[in-house]
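> Please read through the structure below; I'll follow up with questions.
Read-outs: derived from the displayed coordinates by stated rules, not from any lab. Note that the structure is predicted; figures quoted are calculated from it, not measured. Every residue, glycine among them, receives a Cβ derived from its backbone with ideal geometry; neighbour counts consider all protein chains shown.
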Amino acid sequence: MLAGKRIVLGVTGGIAAYKAVEVSRRLVDAGAHVSPVMTAGAEHFIGRTTLSALASEPVQTSLWDEANPIPHTVLGQSADLIVVAPATARLLAAYAAGLSTDLLTNVLLATRAPVVVCPAMHTEMWEHPAVQANVATLRSRGVHIVEPEEGRLAGGDVGAGRLASPERIVAAIEAVLSTTRDLANVHVVVSAGGTREPIDAVRVIANRSSGKQGYAIAAEAAARGAKVTLVSTAELPVPAGVALRAVETAAQMQAALTELAPGADVIIMAAAVADFRPVAPAAGKIKKDQGVPQIVLEPTPDILAALGKAKLAGQVLVGFAAETSDLLANAESKLRRKHLDLIVANDVSAPGVGFQHDTNAVTLVQPGGVVHVVALADKRSIAKAVLDTVVQIRGASPTPNSKRSLTK
Ligand code: CTP
C-alpha cells in the first residue's frame, strides 16, 4: 500500500512534533518516500537532524533556496499524499484561509494530492469555535482530519487535543491512499439544484434546493478519480475536474440526462425536480392589470423513474428522497418504484438537514432492506458515505465494468 508512495510530511510547532519522527520512521519502514517539511515553529521543538535522519531526504524549511527555486510546486505536484502532524491552530487557520506564509502552507496550496491533517493543541484551543469552523471548512473541501485524542497534554492538563497516535495516523494515510482512486475510469453523472419552471418571461416556480449536496458528490467523485458530469441548475463554483451541463427546467434536465445515461456507469440524482410545471408559460411578462392569473399546472416527467426503466446492466442508479414524515417507508417505496440501487433519504424537517444547509443527515437504503444511517455531518462527508456505498455496490455487481446491455 505505502511502497513507492511519495509522502510530504509537514510538521508544525507543537509539543507533539517529536511524534512526527515516529510517523516518518513507520512510513519509511513501509516503503514510502518521505519528504519532510518543518515550519519555523516546529524547529523550536525538534531538531532538523533528527527528522532528516529518519525520513527519506533532508528536511526543507524555506521557500527561498537558490539551488531549488520552486520547492513548493515540486513537492506539491509530485506528492501522492500530504500529511501534517501535528497541525497547530495557526496552520488550520492559514490553510482554511488559503494563506501562503511559509513553505508548508505553499505546498498545501500547490497540490491536488489528498491531504491528511492531524491537529494537536490544548483542549480550549481545539474546542474554540474559530478552530472548529476552520476544521469544518477544511473537511468540506475534502481534507481528511485525524481527530486528536483525549489524554494528558503538555503542562499536565488532561483533555481532548493530544495528537493521534502514530499508528492511527499511518492507518489514516493507508485508508486515504486505498480509497482515493476507487472510482478511476468510472463515469459518474450527478444532477444538482432545484429546477425552475417558467410561469412567464420573468417568473418561475422554484424550490429551496441549493445544489450543495450534489456539488459535494461531484467534487468527491472527481477526487476519487471518476470522470464526472454535473447536470445542474445551481450557480456554484464548479469543482476541479468536473464537466458542467447547465440546465434550468425539468425538461432540459431530462434531455441532458437521457443523452448522458447510456455512457454513465453511475447516475446520482441529487437534484430537486419540480413535480408540476405551468402548462402554457406566457411568452412575455404577465401584467397586473390583466387580473389575477389562473396558472394551470401539469406533471413533469419523473426523470429518475425513466432512467430506472432504461437502466443498463451494471449501471448504478442512486436517488434522493426528501421527506418530512415516514422516512424509511417512503424511501423504500421510491427505491422499488424507480428501480434504484440506492436511495439517500433525508428528513428535511430536522434541524441542519437538507435544503440550503452546509450539513446533512441521511439514511442510505438499498434493496433488501439494507439500511445505513449517517449522522449529521458536512455535505462532503455525506458525499463520501454515498460514494463508499456506490463503490461497494459496483464491487458486488457481476458485470460492473463489462460492456452493458439493456435489461429492460
Ligand atoms: N425525481 C425526478 N423527477 C421528478 C421528481 C423527482 O427525477 N419529476 C427524482 C429526484 O431527483 C429524487 C427522487 O426522484 O432523486 C425522489 O424525489 P422526491 O421529490 O423525493 O420524490 P417524488 O417521486 O417526487 O415523490 P413525492 O414528491 O411524492 O415525495
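> Suppose we take every Cα in region 266-394 and form the convex hull; what volume per residue is that in Å³? Mind showing how you got there, number by number?
Working: hull volume 19.6 nm³, N = 129.
So the per-residue Cα hull volume is 152 Å³.
> Further, regarding this structure: Which length gain, in nm to one decimal place, applies between K309 and V353 when the Cα-Cα distance is subtracted from 0.36 nm times their residue separation?
Length difference between fully extended and current span is 12.8 nm.
> Between 0 and 90 degrees, rounded to the nearest ten: what's the tilt of helix 327-337 against the longest Cα principal axis of the chain?
60
> At R0 = 51 Å, how high is the FRET efficiency between A329 and T101 if r is their beta carbon distance? Nearest 0.05 is fine.
0.45
> Once you have the alpha carbon radius of gyration of the chain, what is it after dividing by 2.2 N^0.38 Å, with N set to its residue count?
Numbers: Rg = 24.5 Å, N = 408, 2.2 N^0.38 = 21.6 Å.
Against the empirical 2.2 N^0.38 Å value, I get 1.13 for the chain.
> Over region 187-396, what relative contact order in percent results from Cα pairs under 8 Å that are six or more residues apart?
Relative contact order, region 187-396: 19 percent.
> Here's a follow-up. Between E127 and A160, with labels modelled 7 Å along Cα→Cβ, what's the label distance in nm to one decimal, could you check?
In this crude spin-label approximation the distance works out to 0.8 nm.
> Against the longest principal axis of the chain, how steep is helix 212-223, in degrees 0 to 90 to the nearest 10, with axes from Cα atoms?
Roughly 50 degrees, rounded to the nearest 10.
> Could you work out the relative contact order of region 67-190? I mean the mean sequence separation of Cα pairs under 8 Å and 6+ apart, divided by the number of residues, in percent.
Numbers: 178 pairs, mean separation 29.8, N = 124.
Contact order relative to length: 24 percent.
> With an 8 Å Cα cut-off and a minimum separation of 6 or more residues, compute the relative contact order for the chain in percent.
Details: 890 pairs, mean separation 44.7, N = 408.
Over the chain, the number comes to 11 percent.
> For the modelled label position 7 Å from the Cα of Q294 along Cα-to-Cβ, which residues of region 184-224 have backbone nitrogen atoms closer than 19 Å?
Taking a point 7 Å out along Cα→Cβ of Q294, the residues of region 184-224 whose backbone N falls under 19 Å are 199-200.
> Using a Förster distance of 60 Å, how high is the FRET efficiency between D65 and A280, based on the Cβ-Cβ distance and rounded to 0.05? Walk me through the intermediate numbers first.
Values: r = 69 Å, r/R0 = 1.15.
E(calc), rounded to 0.05, equals 0.30.
> Still on this structure, please answer the following. Neighbour counts of other C-beta atoms within 10 Å: give me Y215, Y18 arranged from fewest to most.
Y18, Y215
> Now for a different question. Beta carbons within 10 angstrom, averaged per residue: use that to sort the peptides 5-14, 107-116, highest first.
Top of the packing list down: 5-14, 107-116.
> Could you give the length gained by full extension between A243 and R336, i.e. 0.36 nm per residue of separation minus their alpha carbon distance, to one decimal place?
Taking 0.36 nm per residue and subtracting the Cα distance, the gain is 30.4 nm.
> Follow-up question, since we're still on this one. Using only Cα atoms and rounding to the nearest 10 degrees, what angle (0 to 90) does helix 379-396 make with the longest principal axis of the chain?
Between helix and principal axis, roughly 80 degrees.
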